[in-house]
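Trainee: Following this message is one structure expressed as structure tokens.
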Amino acid sequence: MKKQAFDFRTMQGDIKGGVISFLVAVPLCLGIALASGAPLFAGILSGIVGGLVVGAISRSAVSISGPEAGLIVVVLGAVEALGSFPAVLLATCLAGVLQIGLGFARAGIVSNFFPTSVIKGMLGGIGIILIIKQIPHLVGYDADAAESYILLPNQGIDIIDQFVLAFGQFNVGAILIALVSLGILLLWEKPRIKQHPVLRNLPAALIVVVLGILFNELYKTLVPAWTLSGDHLVQLPVATSAPEFLQLLTLPDFSQWNNPQVYISAVSIALVASLEALLAVEATDDLDPLKRKTPTNRELKAQGIGNIVSGLVGGLPLTSIIVRSSVSINAGARTKLAALVHGSLLLVCVVAIPRVLNLIPWAALASILLVTGYKLAPIATFRQMYQLGKPKFFSFITTVIAILLTDLLTGIAIGMAVGLFFVLRENYRKGHQVETVDESEGRHVRIRLGEHVSFLNKAGIVEQLRSVPDNSLVEIDGTQSSYIDRDVLDAIRNFRETARTRNIQLTFRRTTEPELSSVLQRDRVPTYNGHPHRI
């Protein structure tokens with residue numbers, strides 16, 4: 001595949017996408033770091049590395065990488081097992097090496113085994129969770145800054161507790177900012193705005209953020225009681241000098257290289273980060289308006305290099321992120337320039353203007369994420385999946401519900417299991433076809449085998465043979481089969497033994513095949529011109 005070049009025709013949309021994803025990334029990076037038990041600045045560093053390093057190496061057109069909520073539990077477990085965050089950084093570096101190895105081993109092919117119904121279910125589940133989790137922020141409850149994909153965690157407060165707390169302490173200032181923000185975001189979707197020569201070039205999300213800051217500054221003068229502060233705003237660490245900035249960095253503890261637990265943690269991080277990256281690029285490829293396909297093995301290598309760099313500079317483990325990628329796509333991003341802009345802005349702004357970023361209200365950012373959530377889970381998708389038939393719809397809706405009730409990876413696993421059930425059921429049904437004709441000499445049963453008859457079809461064929469009445473003529477037609485599993489051939493041979501005692505005449509028609517011939521010759525089945533004939 002040729003290396004992707006930047007398309008200057010899409011540069012404006014890419015810059016918009018990078019800016020908006022950057023604004024959303026700042027509080028999320030901090031929240032994920034806080035929830036992971038890591039220094040706050042570690043989240044920002046991994047966001048920078050995800051944008052600049054992975055963005056430069058990856059061949060994904062629209063994916064953006066950084067710290068991801070699905071890795072919170074893994075990092076927490078690693079911190080608890082290793083006893084220090086510097087040791088976790090060493091494990092992160094080793095995880096990156098493992099990911100590079102997976103890339104060279106072509107493990108990226110795993111992504112091809114995820115059906116579209118599960119991928120769409122994953123997007124729908126994430127979208128619904130995003131919508132639900134923004135509601136407390138819209139009314140001014142901002143204690144949960146880490147937008148994880150878990151509504152009902154085993155520890156801490158869940159979404160129900162958050163709703164109780166949120167609706168028990170309305171913040172008028174946050175609600176007003178949220179209403180104005182949502183109004184602007186919806187207005188910018190109207191054809192009149194999209195066709196306006198000036199307004200169409202202004203990113204709605206950036207307007208929302210700027211107005212959110214201005215509203216809060218006006219509160220200080222006009223209505224001090226409505227002023228938002230503390231948890232209601234972005235809280236980025238501020239360094240006033242170069243030495244203070246360097247103190248925000250954490251280096252890996254290489255003295256832990258002989259600790260077996262480091263390698264166990266590295267394997268955990270590598271497996272979870274790789275699986276989430278493959279799922280994310282599969283999903284973002286689906287969201288990509290140009291429907292480009294990401295080379296998955298190259299993506300694993302890019303993620304591996306990113307994790308090595310992130311671990312070396314003191315950042316969290318990173319992976320590709322659906323939420324930030326979809327925010328960027330919705331803003332108009334079409335090439336990897338958006339990821340590079342995202343990473344560059346994180347680097348420049350956290351160094352140069354952290355105090356300005358700390359003026360952004362969560363209510364404004366929550367409005368952006370809520371609209372993004374709806375675009376990930378539109379009603380049209382549910383309608384479309386229903387129209388595709390019960391197997392795909394059940395796999396899709398099961399994935400959505402399982403993600404809502406458990407977590408992202410567990411929900412996907414349950415969705416895959418349901419999808420596999422329907423595959424096995426269809427395989428069971430379509431492994432053979434049966435025609436029955438009542439004739440004067442008895443019933444004539446013709447069993448036509450499918451093109452590929454595996455051991456999965458054995459149960460259905462055996463059940464059909466057992467149901468054949470005595471004194472029948474049974475014809476098994478395998479002339480259209482390119483492959484018949486040995487287990488199925490053995491089942492047919494075993495039926496031959498019982499058929500004689502029930503006065504059943506058996507005919508097996510099949511093109512010559514060494515494996516089949518050996519079975520039939522052993523049983524001395526008569527043949528005619530190389531084809532098995534009536535038994």
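Trainee: With +1 on each Lys and Arg Cβ and -1 on each Asp and Glu Cβ, and nothing else charged, work out how big the dipole of the chain is about its Cα centre, in Debye to the nearest 20. Write down the numbers at each step before the final one.
Mentor: Details: 44 positive and 38 negative charges, 330 e Å.
So the dipole magnitude of the chain works out to roughly 1580 debye.
Trainee: Give me the distance between the Cα centres of region 175-218 and region 320-362, rounded to whole Å.
Mentor: Centre-to-centre (Cα) distance: 17 Å.
Trainee: If you line up the long axis of helix 11-35 against the longest principal axis of the chain, both from Cα atoms, how many degrees apart are they, to the nearest 10?
Mentor: Tilt of helix 11-35: around 90 degrees.
Trainee: Continuing with the same structure: Under a no-solvent Debye model with one identical scatterer per Cα of region 191-281, what's log10 I(q)/I(0) at q = 0.12, 0.14, 0.15, 0.24 Å⁻¹?
Mentor: -0.87, -0.96, -0.97, -1.10
Trainee: I need the calculated FRET efficiency for the pair Thr501 and Ile109, taking r as the beta carbon distance and R₀ as 56 Å, to the nearest 0.05.
Mentor: Numbers: r = 50 Å, r/R0 = 0.89.
Approximately 0.70, to the nearest 0.05.
Trainee: Past 29 Å, Cα to Cα, is the threshold; run Lys133/Lys301; Lys16/Lys375; Lys190/Lys336; Lys16/Lys293; Lys220/Lys336 against it and keep the listed order. Mind dumping the intermediate values first?
Mentor: Numbers: Lys133/Lys301 33 Å; Lys16/Lys375 17 Å; Lys190/Lys336 27 Å; Lys16/Lys293 23 Å; Lys220/Lys336 40 Å.
Violating the 29 Å limit, Cα to Cα: Lys133/Lys301; Lys220/Lys336.
Trainee: What number, in percent, do you get for the relative contact order of the chain if the mean sequence gap of Cα pairs under 8 Å and at least 6 apart is divided by its residue count? Kindly include the intermediate steps, with their values, before the conclusion.
Mentor: Numbers: 963 pairs, mean separation 137.6, N = 535.
This gives 26 percent for the chain.
Trainee: What is the helix-to-structure angle for 204-222, meaning the angle in degrees between its Cα long axis and the longest Cα principal axis of the chain, kept from 0 to 90 and rounded to the nearest 10?
Mentor: For 204-222 against the chain, the angle is about 40 degrees.
Trainee: A follow-up question, please. Among all stretches of the chain without exposed GluC sites (Glu not before Pro) (DSSP loop, at most 13 other Cβ atoms within 10 Å), which one is longest? Numbers along the way, then the final one.
Mentor: Details: sites that count: Glu189, Glu441, Glu451.
Result, exposed sites excluded: 190-440.
Trainee: What's the angle, to the nearest 10 degrees (0 to 90), between helix 260-287's Cα axis and the longest principal axis of the chain?
Mentor: 80
Trainee: Here's another thing I want to ask about it. Quick one: which residues, 5+ away or cross-chain, put their amide H under 5 Å from the amide H of Thr319? H built at 1.01 Å from N.
Mentor: Counting only residues 5 or more places away or on other chains, the set is Gly66, Glu68.
Trainee: To the nearest whole percent, what portion of all C-alpha pairs in the chain is separated by more than 37 angstrom? Numbers along the way, then the final one.
Mentor: Details: 59974 of 142845 pairs.
Percent of Cα pairs beyond 37 Å in the chain: 42.
Trainee: Ignoring the sites themselves, what is the longest stretch of the chain with no chymotrypsin sites (Phe, Trp or Tyr not before Pro) in a DSSP loop and at most 12 other beta-carbon atoms within 10 Å?
Mentor: On the way: sites that count: Phe167, Phe170.
The answer is 171-535.
Trainee: Viscosity 1.002 mPa s, temperature 20 °C: what is the translational diffusion coefficient of region 261-364 from Stokes-Einstein with a Kirkwood Rh over Cα pairs, rounded to a whole number of µm²/s?
Mentor: The estimated diffusion coefficient comes to 138 µm²/s.
Trainee: Let me ask something additional. For Val341, what charge total do you get from the other residues with a beta carbon under 11 Å from its beta carbon, if Lys and Arg give +1 and Asp and Glu give -1? Could the numbers behind the result be given before it?
Mentor: Numbers: positive: Lys16, Lys336; negative: Asp14.
Around Val341, the charge tally is +1.
Trainee: Follow-up question, since we're still on this one. Normalised radius of gyration for region 1-94, please: alpha carbon Rg relative to 2.2 N^0.38 Å, two decimal places.
Mentor: Normalised by 2.2 N^0.38 Å, the Cα Rg of region 1-94 equals 1.26.
Trainee: Give me the percent of DSSP beta bridges within the chain that run antiparallel, rounded to the nearest 5. Kindly include the intermediate steps, with their values, before the conclusion.
Mentor: Details: 15 of 27 bridges.
Antiparallel bridges make up about 55 percent of those DSSP assigns within the chain.
Trainee: Let me ask you something else. Return the Rg/Rh ratio of region 353-449 with Cα-based radii and a Kirkwood Rh. Don't skip to the end; give the middle numbers.
Mentor: On the way: Rg = 24.8 Å, Rh = 18.0 Å.
Rg/Rh for region 353-449 comes to 1.38.
Trainee: What would the Debye equation give as log₁₀ I(q)/I(0) for region 239-279 at q = 0.21, 0.22, 0.29 Å⁻¹, counting only Cα atoms as equal point scatterers?
Mentor: Calculated log10 I(q)/I(0) at the listed q: -0.75, -0.76, -0.91.
Trainee: Would you calculate the volume per residue, in Å³, of the smallest convex hull containing every Cα atom of region 438-505?
Mentor: 77
Trainee: Carbon and sulfur atoms: what percent of the 1.4 Å accessible area of region 423-511 do they account for?
Mentor: 46
The values are calculated or read from the model by the stated rules, or taken from the named source; none is laboratory data. Treat the numbers as computed from the prediction; the structure is a model and nothing was measured. Note that each Cβ is placed from the backbone with ideal geometry, even for glycine, and that neighbours are counted across all protein chains shown. We work out accessible area using only protein heavy atoms, side chains counted, and drop any ligands, DNA or RNA first. Shrake-Rupley method; radii C 1.70, N 1.55, O 1.52, S 1.80 Å.
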